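**Q** One structure coming up, written as structure tokens, with questions to follow.
Each reported figure results from applying straightforward, stated rules to the coordinates on display, with no laboratory input. None of the values given here were measured: they were computed from a predicted structure. Heads up, the Cβs are rebuilt from the backbone with ideal geometry, glycines too, and the neighbour counts pull from every protein chain shown.
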Amino acid sequence: MTKVYGISNCDTVSKAKKWLAQAGIDYSFVDFRKDGLTSQQVANWAEAVGIDLLLNRRGTTWRKLSDEQKALDSAAKLIELMTEYPALIKRPVLETKNRIEVGFKPDFYEDIFSSK
């Protein structure tokens, strides 16, 4: 089953969920701010899509970090940081049977689900 990970009040997550519902695609939603994440989940995503794609350096959570935290460059430390502050993860994270994707654009989702 398809899983969508994100934050309930994120506009992009809401758009993705709406698109999936309109396309008739069964999915479950996990609010990783409320439900939490394991470092293993974050590590799996980072391995699948790359740490640079997964880490949201444009949001307010990133801007609130200390300069020391922003300077971290090891994948393990960044994964710890994203596990502690899930809002640092770009949203939504989409898990299907055989892929993991980050972000939402209608054309992109169309491509993902038309090739099923």
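**Q** Straight-line reach from Lys97: which lysines have a Cα under 19 Å away, not including same-chain ones fewer than 8 places off?
**A** Output for Lys97: Lys3, Lys17, Lys116.
**Q** Sequence gap at least 6, Cα distance under 8 Å: using those rules, report the relative contact order of segment 2-114 to the nearest whole percent. The partial results should precede the final answer.
**A** Working: 134 pairs, mean separation 41.8, N = 113.
This gives 37 percent for segment 2-114.
**Q** Here's a follow-up. If you place +1 on the Cβ of every Lys and Arg, -1 on the Cβ of every Asp and Glu, and leave all else neutral, what size is the dipole of the chain about its Cα centre, to the nearest 20 Debye? It would help to have the intermediate numbers written out before the result.
**A** Values: 18 positive and 16 negative charges, 67 e Å.
So the magnitude is around 320 debye.
**Q** May I pose another question? What distance in nm separates the two pseudo spin-label positions at Gln22 and Ala48, each 7 Å out from Cα along the beta-carbon direction?
**A** Output for this residue pair reads 2.5 nm.
**Q** Quickly estimate the mean residue ellipticity at 222 nm for the chain, helices only: each DSSP H run with n ≥ 4 gives -39500 (n - 2.57), and the total goes over all residues, rounded to 500. Let's see the in-between values first.
**A** Working: 7 runs with 55 residues, N = 116.
Result for the chain: -12500 deg cm²/dmol, rounded to the nearest 500.
**Q** Something else: Are there any trypsin sites (Lys or Arg not before Pro) in segment 55-97 that are in a DSSP loop and have at most 12 other Cβ atoms within 10 Å? List them by number.
**A** Details: sites: Arg57, Arg58, Arg63, Lys64, Lys70, Lys77, Lys90, Lys97; in loops: Arg57, Arg58, Lys90, Lys97.
When the trypsin sites (Lys or Arg not before Pro) of segment 55-97 are filtered for loop state and at most 12 Cβ neighbours within 10 Å, Arg57, Arg58, Lys97 remain.
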